[in-house]
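Some notes on the structure that comes next.
The values are calculated or read from the model by the stated rules, or taken from the named source; none is laboratory data. Small disclaimer: the values here were computed from a predicted structure and weren't measured. Don't worry about glycine lacking a Cβ; one is built from the backbone with ideal geometry, like all the others, and counts go over all protein chains shown. Calculation scope for accessible area: heavy atoms of the full protein, side chains included, ligands and nucleic acids excluded. Shrake-Rupley method; radii C 1.70, N 1.55, O 1.52, S 1.80 Å.
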Amino acid sequence: MNLLSVSKLQKEFNGDVLFNNISFDINSKDKIAIIGKNGTGKSTLIKMIIGDLDIDKGEVFKNSKAIIGYLSQDVISSKSNTLIHEMYGVFENLITLGKKIASLTEELALTPDDKDLLKRYSTMEHNFEIKGGYEYHYKIDLILSKFGFTKEEYDREISTFSGGEKTRIAFAKLLLINPDLLILDEPTNHLDIDIIEWLEDYLNKYEGAVLIVTHDKYFINKVCKKIIEIDQGTSHVYNGSYEEYQLEKIKRYEVLLKHYNRQQKDIEHLQSFVDRFRFNSKKATTAQDRIKKINRMVKLDKPTNSRSKVKMAFENKRATREIILEAKNLSIGYEKPLLSNINFSMRGYDKLAIIGPNGTGKTTLLKIIEKKLKPLKGKVDFLREYKVGYFDQNQEGLNYNKTIFEEIHDHYPRFNNKEVRSVAARFLFIKEDTLKPISVLSGGEKVRLVLLLLMLSNPDLLILDEPTNHLDIETKDIIEDVFDEFSGPVIFVSHDRYFINKIGTKIIHLSDSEVTEFDGSYEEFKELKSKKVIKKDKIKREKTITKNYEKEIKSLEKEIHKIETKITKFEDETFKSEIYTNHLKIKSINEKIDSLKNELIILEEKYYELHEL
């Protein structure tokens, strides 16, 4: 059954067209994701569908028999209601029917032979049963518990809950309403992984249709079977999961490019004839026919491949086997411990993901690792001092009064103009882009600039706190590529399972009662967790090497570290004005740096040979 149809929809703001010719259908049981860059109009489209925004052109057809539910706090009828009263409101008719049945039961107790009463009771009781009268209490308890609410909170007024909790209350109520079409705008925001995974399973079994706006690629893969992408002001429909969409998009791009190139050749051929013979009296008529043919053509726009790839330039780090970080008997928290007896280690090749439900102490643990917070008990030992690169997704370190060029040059004054433009181009800031003020950059552009500056700082260790929050899919792709290609150790906190699975090689899972250390990807962790075979002890899958090799490797690592320290010291010297303004001094230091780097290459080659053995 067709529930909703969108036909040639257009929206303008102040005379500028945000999108046009948006068309798609939603049928019963469809599971659809709407994706696109930030600013392409995804939420605007949803508001037009539900009637919160006027339609400039086109139309939205809604099946009059279909119930459409949209996730917002407006779903809550009154914030003065208690939590349980708000949920009971969904089943008001069923509760009234239950009261009538109870009243009939009392009457029947007095007149058990009244056939009319028996017939009425039988009809009512049957309707009560098929409508879920004996199940709605269980359903309320189940959904509220999955959204993190306890029975102790049932009698709390909704007004006393936080904003995020109110959104979860609205979400729970919407699922109890069970509409024919469920419309969700960024449903995984502010939900922890456990709730999201339950929600995925629930929506997969959901009898109605679901329309979702989301940047969560993992969620799309698990739930959606159709993708509507808003790109270049119009919509493109793809059938399949997110991974299938990626493959199909590449194929479509190649086909469209082929058609475009063929048309361009045809136009070029026709135009060539016109240019040669338009003033030739014998062939002027033919030339005019060719001009008409060109004008009659429906011109194809050149397709664009929006999946631009940044060009990485992180200096390769040694994939050392040494334990570079060790947490010993940690107790974390503020006035009271959130978790105690935390023990784990990290080697130089690890990309460590700290995951777990909200409130279990992930960010607190990260702050202790960063030395921004002291543990209540225990300690975190580092092998040595590391040059740490922090990824600041909020871009607080950027100077909004500067241009991109000025920001890069002020951080690295020894770069000449060509070098500044060259490194900027690696992160897709081309030509005049470098002259843009930082204040006018989009969110994705600012993230790319932060990544660029992070890359140039050449860190030994990266620390990331929720690096993909509130980013569109294209910017997430860039971030994933950058941190995946970084060969040094990484520590990060994230709820983004696609990012965790792609980047993480080791998991530290925090729960209310324990910490689990696991060597492997998120998918492997999840699989073992579902089979309940993860032990509290460390799960290791390491290759063993002989003690002689280990001793020699450690000796080489110390020597390599000494040379790296010298190189860093000399590079820091080059930033001093008395050095980079003196031709002879800068030349001398650069020669020393080059010599040390050559020595480093020889030692690293030997190190990797031993490591392979």
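The residue pairs whose first member lies in the stretch 569-593 and is touching a residue at least 12 places away in the same chain (Cβ under 8 Å) and on the phi < 0 side of the Ramachandran plot, whose second member is of a type outside the set (F, W, Y) and open to solvent by 60 Å² or more (accessible area, probe 1.4 Å), and whose beta carbons are closer than 7 Å, counting only pairs six or more residues apart or on different chains, are F570/K592; T574/R414; F575/R414; Y580/R414.
Suppose the filter is closer than 30 Å to G164 by Cβ, surrounded by 15 or more Cβ atoms within 10 Å (Cβ to Cβ) and touching a residue at least 24 places away in the same chain (Cβ under 8 Å); does V6 pass it? In short, no. For the stretch 484-525, taking the residues that are assigned to a helix (DSSP H, G or I) and in contact (Cβ under 8 Å) with a residue 24 or more places away in the chain, the one that is nearest to I196 (Cα to Cα) is identified as R497.
Candidates I291, I250: the one that is under 27 Å from L471 (Cβ atoms) and open to solvent by 20 Å² or more (accessible area, probe 1.4 Å) is I250. Mind checking whether some residue in the stretch 41-52 is open to solvent by less than 80 Å² (accessible area, probe 1.4 Å), in contact with a helix residue (DSSP H, G or I) (Cβ under 8 Å, 6 or more places away or on another chain), at pLDDT 90 or above and not in a strand (DSSP E or B)? Looking for residues that are open to solvent by less than 80 Å² (accessible area, probe 1.4 Å), in contact with a helix residue (DSSP H, G or I) (Cβ under 8 Å, 6 or more places away or on another chain), at pLDDT 90 or above and not in a strand (DSSP E or B), one finds none in the stretch 41-52, hence no.
Among residues of the stretch 23-40 being small (G, A, S) and assigned to a loop (DSSP other than H, G, I, E, B), the one that is surrounded by the most Cβ atoms within 10 Å (Cβ to Cβ) is G36.
Within the set G148, G164, the sole residue that is open to solvent by 10 Å² or more (accessible area, probe 1.4 Å), at positive phi and under 32 Å from the mean Cα position of the chain (by Cα) turns out to be G148.
Taken over the stretch 328-386, residues that are in a strand (DSSP E or B), of a type in the set (D, E, K, R) and more than 14 Å from P489 (Cα to Cα) amount to 4.
Tell me whether the stretch 279-286 contains one or more residues that are assigned to a helix (DSSP H, G or I), open to solvent by 30 Å² or more (accessible area, probe 1.4 Å) and either of a type in the set (D, E) or modelled with pLDDT of 85 or more (or both). No: the stretch 279-286 contains no residue that is assigned to a helix (DSSP H, G or I), open to solvent by 30 Å² or more (accessible area, probe 1.4 Å) and either of a type in the set (D, E) or modelled with pLDDT of 85 or more (or both).
Do we have any residue at all in the stretch 517-537 that's crowded, with 20+ Cβ neighbours inside 10 Å and of a type in the set (A, V, I, L, M)? No; the residues of the stretch 517-537 include none that is crowded, with 20+ Cβ neighbours inside 10 Å and of a type in the set (A, V, I, L, M). Before we move on, is A109 open to solvent by 60 Å² or more (accessible area, probe 1.4 Å) and in a helix (DSSP H, G or I)? The answer is yes for A109.
Okay, residues lined up against (1) hydrophobic (A, V, I, L, M, F, W, C); (2) on the phi < 0 side of the Ramachandran plot; (3) in contact (Cβ under 8 Å) with a residue 24 or more places away in the chain:
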| position | (1), (2), (3) |
| --- | --- |
| V210 | yes, yes, yes |
| T214 | no, yes, yes |
| Y218 | no, yes, yes |
| V223 | yes, yes, yes |
| I227 | yes, yes, yes |
| Y238 | no, yes, no |
| S241 | no, yes, no |
| K258 | no, yes, no |
| K265 | no, yes, no |
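Can you tell me which residues in the stretch 61-77 are open to solvent by less than 40 Å² (accessible area, probe 1.4 Å), in a loop (DSSP other than H, G, I, E, B) and of a type in the set (G, A, S)? Within the stretch 61-77, A66, S72 meet the criteria. When we screen S513, S494 for residues that are touching a helix residue (DSSP H, G or I) at 6+ places or on another chain (Cβ under 7 Å), among the small types (G, A, S) and closer than 27 Å to G148 by Cα, the only hit is S494.
Mind listing just one residue for me: the one in the stretch 464-516 that is open to solvent by 10 Å² or more (accessible area, probe 1.4 Å) and basic (K, R) and, of those, modelled with the highest pLDDT? Per the stated criteria, the residue is K502.
Screening G58 with (1) of a type outside the set (S, T, N, Q); (2) open to solvent by 60 Å² or more (accessible area, probe 1.4 Å); (3) at positive phi gives one miss only, at (2). Any residue at all in the stretch 78-97 that's assigned to a loop (DSSP other than H, G, I, E, B), farther than 30 Å from G164 by Cα and either touching a strand residue (DSSP E or B) at 6+ places or on another chain (Cβ under 7 Å) or open to solvent by 20 Å² or more (accessible area, probe 1.4 Å) (or both)? Checked against the condition, which is being assigned to a loop (DSSP other than H, G, I, E, B), farther than 30 Å from G164 by Cα and either touching a strand residue (DSSP E or B) at 6+ places or on another chain (Cβ under 7 Å) or open to solvent by 20 Å² or more (accessible area, probe 1.4 Å) (or both), the stretch 78-97 yields no hits at all. I'd like to verify a number: residues in the stretch 150-177 that are under 18 Å from S72 (Cα atoms) and hydroxyl-bearing (S, T, Y), how many? Going through the stretch 150-177 one residue at a time, the tally reaches 4. Every listed requirement among (1) crowded, with 16+ Cβ neighbours inside 10 Å; (2) in contact (Cβ under 8 Å) with a residue 24 or more places away in the chain; (3) not acidic (D, E) is met by G132 save one, (1). Residues considered: E432, E419, E445. Of these, the only one that is acidic (D, E) and within 24 Å of the chain's Cα centre (by Cα) is E445. If you check Y218, Y238, Y245 for being at pLDDT 85 or above, surrounded by 13 or more Cβ atoms within 10 Å (Cβ to Cβ) and outside any helix (DSSP H, G or I), only one passes: Y238. Output yes when any residue across the stretch 344-365 is out of contact with any helix residue (DSSP H, G or I) (no Cβ under 6 Å at 6 or more places or on another chain), modelled with pLDDT of 90 or more and surrounded by fewer than 16 Cβ atoms within 10 Å (Cβ to Cβ), and no when none is. No, that holds for no residue.
None of S235, S241 is over 30 Å from I140 (Cβ atoms) and either of a type outside the set (G, A, S) or under 21 Å from the mean Cα position of the chain (by Cα) (or both) except S241. In this structure, Y390 does satisfy being open to solvent by 30 Å² or more (accessible area, probe 1.4 Å) and touching a residue at least 60 places away in the same chain (Cβ under 8 Å). For the stretch 387-399, how many residues are part of a strand (DSSP E or B), under 22 Å from the mean Cα position of the chain (by Cα) and not aromatic (F, W, Y)? Summing the residues that are part of a strand (DSSP E or B), under 22 Å from the mean Cα position of the chain (by Cα) and not aromatic (F, W, Y) in the stretch 387-399 gives 1.
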